[in-house]
Amino acid sequence: MAYLTHFILLLLINLASSQQISNTESSSSTTTNPTTTEDCNNRWIYIRNLPSRFNLDLLTNCSEYPIFDDFCPYLANHGLGQKTHTKSRSWYRTDPLLLELIFHRRILEYPCLTNDPNVANAVFLPYYGAIDSLKYLYGPDVNSSFQHGMGLFDFLQSDEPGIWNRHMGHDHFLVMSRPAWDFCQPLDNDPPIWGTSFLELPEFYNVTVLVPEGRAWPWQEHAVPYPTSFHPPNLACFEAWIQRVRRSRRVSLMLFAGGGGIGASPNIRRSIRTECENANTSMTKDNTGYSQICHIVDCSNGICEHDPIRYMRPMLQATFCLQPPGDTPTRRSTFDAITAGCIPVFFEEMSARSQYRWHLPEEKYPEFS
């Protein structure tokens, strides 16, 4: 009964949050943003009005995937999740899967929104594609994953088709909060293997997709940073955190926060764990300033995912944060480390250098990695 009460309260909170998005979106769709200055030249965005089955309705299924984590608790605060503790102003239990909801909420405050698709330089599709993919990855439609996205395409063709046909989708973009590898199953795979075929559908070849990890070759995939748990409400809180990072005493030379590396098969994470265990004899502060060479934060079984205190405090105390690849090359931990002022150390190009060109340009790499 306690769990049921807790779930109902969360659902009420989430529905209220969802209603606010709906109301805000309706307002932005009927009135041109008042900031009609020269600053908006070539920056106008039109938000496509999609039926709620493509976004907000998907959130009501947050506990329907038993093989996947229940993400209902992390819908609060427009997808930022619950605060880490009652007095927190900047730290939340954020789930990266909710990047789509977070982006949808934030873009409603973008100053260059327009209600006229004919003057828009870009058209945003508020489709929660990664959340919708869960029914194909973990749910009842796993054997029809080639259908992922076709409902959206049919709608775009039937409802105001001129918006799509103006540039055949070249000016459209959307956000998907899982790596692109989860959406590139070949259409002719029989039986289907892991993933859906959304990015393999010819119907969407022209659409730009923002993902936390893209593949190296498709021009339409652009990697954007994973959301961290740090969401300061104002500039003062942000600057206060920067000062704390600068004052932090770095007592560990290097740190690895993550899971894996405990099996018998050789891999980079196991090598890191072995090296750390062998090197973790005490070092004299007189010579180095460090009390230990290497610190391990074991995040196996996802215990760190919604508890930033587990890894942020150790990151604040380390100079270098190791970022070995896992199931895929990129890691949310990269951006946690940057937030903590811990210098990320990469092991392959696809982990960051060939990913986040908009946010981590190659010419800036010597400054932070």
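The values are calculated or read from the model by the stated rules, or taken from the named source; none is laboratory data. All values derive from a computational prediction rather than experimental measurement. All Cβ positions, glycine included, derive from the backbone under ideal geometry; neighbour counts span all protein chains shown. Areas reflect the complete protein model, heavy atoms only, side chains present, ligands, DNA and RNA absent. Shrake-Rupley method; radii C 1.70, N 1.55, O 1.52, S 1.80 Å.
Quick check on this structure: which one of Phe54, Phe68 is among the aromatic types (Phe, Trp, Tyr), at pLDDT below 90, within 22 Å of the chain's Cα centre (by Cα) and assigned by the TED database to the domain that holds Phe155?
Working: Phe54 fails: at pLDDT below 90.
Of the residues listed, the single one that is among the aromatic types (Phe, Trp, Tyr), at pLDDT below 90, within 22 Å of the chain's Cα centre (by Cα) and assigned by the TED database to the domain that holds Phe155 is Phe68.
Could you check how many residues of region 107-141 are closer than 30 Å to Ile67 by Cα and not acidic (Asp, Glu)? Give the derivation first.
At the first step, the residues of region 107-141 found to be closer than 30 Å to Ile67 by Cα are 125-141.
Next cut, not acidic (Asp, Glu) only: 125-131, 133-140.
Total meeting the criteria: 15.
Does Pro308 satisfy the condition of being surrounded by fewer than 18 Cβ atoms within 10 Å (Cβ to Cβ), within 19 Å of Met254 (Cα to Cα) and of a type outside the set (Gly, Ala, Ser)?
No; evaluated as a whole, the condition is false for this residue.
Can you tell me how many residues in region 323-369 are closer than 22 Å to Val297 by Cα and assigned to a loop (DSSP other than H, G, I, E, B)?
Selection size over region 323-369: 16.
If you take the residues in region 311-341 that are in contact with a Lys or Arg (Cβ under 8 Å, 6 or more places away or on another chain) and crowded, with 22+ Cβ neighbours inside 10 Å, which one is farthest from Glu275 (Cα to Cα)? It would help to see each step written out before you state the result.
Taking region 311-341 and keeping what is in contact with a Lys or Arg (Cβ under 8 Å, 6 or more places away or on another chain), we get 316-319, 323-326, 341.
Subset that is crowded, with 22+ Cβ neighbours inside 10 Å: 318, 323-324.
On the way: Ala318: 16, Gln323: 15, Pro324: 14 Å.
The selected residue is Ala318.
Is it the case that some residue within region 160-171 is touching a Phe, Trp or Tyr at 6+ places or on another chain (Cβ under 6 Å) and either within 20 Å of Pro202 (Cα to Cα) or surrounded by fewer than 15 Cβ atoms within 10 Å (Cβ to Cβ) (or both)?
Narrowing region 160-171 to residues touching a Phe, Trp or Tyr at 6+ places or on another chain (Cβ under 6 Å): none.
The answer is no; no qualifying residue exists.
For region 65-93, which positions are open to solvent by 30 Å² or more (accessible area, probe 1.4 Å), hydrophobic (A, V, I, L, M, F, W, C) and outside any loop (DSSP other than H, G, I, E, B)?
Within region 65-93, just Trp91 meets the criteria.
Go through the residues of region 245-254 one by one and say whether even a single one is farther than 11 Å from Thr319 by Cα, open to solvent by 30 Å² or more (accessible area, probe 1.4 Å) and at pLDDT 90 or above.
Yes: region 245-254 contains one or more residues that are farther than 11 Å from Thr319 by Cα, open to solvent by 30 Å² or more (accessible area, probe 1.4 Å) and at pLDDT 90 or above.
Hey, can you tell me all the residues within region 172-201 that are hydrophobic (A, V, I, L, M, F, W, C) and either over 21 Å from Asp116 (Cβ atoms) or open to solvent by 30 Å² or more (accessible area, probe 1.4 Å) (or both)?
Val175, Met176, Ala180, Trp181, Phe183, Cys184, Leu187, Ile193, Trp194, Phe198, Leu199, Leu201
Is at least one residue of region 313-322 farther than 24 Å from Cys237 by Cα and in a loop (DSSP other than H, G, I, E, B)?
no
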